[in-house]
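The values are calculated or read from the model by the stated rules, or taken from the named source; none is laboratory data. This one's a predicted model, so the numbers in the text were calculated from it and none came from an experiment. Please note: Cβ atoms are built from the backbone with ideal geometry, for glycine as well, and neighbour counts cover all protein chains shown. The protein model used for the area step is the full one, side chains on, heavy atoms only, and it has no ligands, DNA or RNA in it. Shrake-Rupley method; radii C 1.70, N 1.55, O 1.52, S 1.80 Å.
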Amino acid sequence: MIYRLFLCLLLLPWLISCSSLQRLAKAGAAKPSPFLAHAGELKKTQAKHDPFLRVWRNSSRKVWEEAEKKKNLYIAPVSLEHLRPMTKPLSRVEVREKTRQKEAREMGEYAREQFAKAFRASANPHYQIVDAPAKDALNLELAIIEFNPNAISAGLTRRAINILAVPGAESLVGRPLKGNIAIEGRVWDPHQKESLYEFADAEHNRSALILSIHDYNPYSAARKIIREWASQFEQITRTPAGGRVKDSPAFTIWLW
């Protein structure tokens, strides 16, 4: 046990500092859905520059100058219109589709709450959150397009891989055993009828070098991911174009 803990501590700096390994261990980008008007124009990002895997930004300076006059943001109910069927075999075995749909609706409500909370908790938010669409407000529209609840049996299998091999080994071979969630979003100016910024991201259960309670709960990892997305988006809104907001790490040493 002491040897394995020493090995974890030895590997951790290398795993965290290797950006190429970080993205390799992260979830791959989901296929774009019709939710985004510029889905075909999304550009791949770098983890050290942007937390989202794909982004599009309106190139018109005039559109942005007009949009910047608005300091309020309305967060619309999260869309599930483009939610795809489960693809992970163990998720399909352990979770009924009716249950997943119910949890997806709750996840959408949770996402709306957390995105609003990120702005309200920020020390210097770029936007103030309003409860209804307004002439002086931009709209944030979100959609959950993929959602595979974490299978408990998959979490146990991934844990066994780490025990039998080395800590973190499952990060490279355990992708099919991880629950995942994918989101799309856009900032819309209803006055100009222009999309300003669009993004897409996907995340799965984070690889734990020791142990993670999220591997033994169907939905807690997805909720943590949503909280991180909310925080990252809030940071992006107050970061100048071309500024850096880092992606979340692919690995964790924490239990939760």
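Computed quantities for the displayed model
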quantity	calculated
Placed amide H near Tyr74: partners under 5 Å, 5+ positions off or other chain	Val130, Leu138, Asn139, Leu140
For segment 177-193, Karplus couplings with θ = phi - 60° (6.51, -1.76, 1.60), whole Hz, Gly/Pro x	9, 10, x, 8, 8, 10, 10, 10, x, 8, 9, 10, 9, x, 5, 8, 6
Under 15 Å, Cβ to Cβ, from Phe35 - net charge with Lys/Arg +1 and Asp/Glu -1	-3
Karplus 3J(HN,Hα) series, Hz, for segment 81-93 with 6.51 cos²θ - 1.76 cosθ + 1.60 (x for Gly, Pro)	4, 10, 5, 8, x, 4, 10, 7, x, 6, 5, 5, 6
Proximal charge balance of Leu142 [Cβ under 9 Å; K/R count +1, D/E count -1]	0
Average accessible area per residue (Å²) across segment 33-238 - probe 1.4 Å, nucleic acids and ligands excluded	47
Three-way shape call for segment 33-238 based on the alpha-carbon gyration tensor, with the a/c threshold at 1.5	prolate
Rounded FRET efficiency, nearest 0.05, which uses the C-beta distance separating Leu80 from His38 and R0 of 25 Å	0.75
Links that overshoot a 27 Å alpha carbon limit, given the list Lys48/Lys178; Lys71/Lys246; Lys26/Lys193; Lys31/Lys62; Lys31/Lys98; Lys62/Lys135	Lys26/Lys193; Lys31/Lys62
5 angstrom amide H check on Asn205, placed H, neighbours 5+ away	Gly179
Note, ³J(HN,Hα) from phi for segment 39-44, Karplus 6.51, -1.76, 1.60, rounded to Hz, x at Gly and Pro	4, x, 10, 4, 10, 5
Sequence-distant residues sharing a close amide H with Glu146 (under 5 Å, placed H)	Arg84, Ala182
Packing-based ranking, highest mean first, of 96-104, 184-192 given that Cβ atoms within 10 Å are counted	184-192, 96-104
Normalised contact order of segment 33-238, rounded percent, pairs of Cα under 8 Å and 6 or more residues apart	28
Order of exposure, largest accessible area first, which applies to Glu81, Glu194, Glu141 with probe 1.4 Å	Glu81, Glu194, Glu141
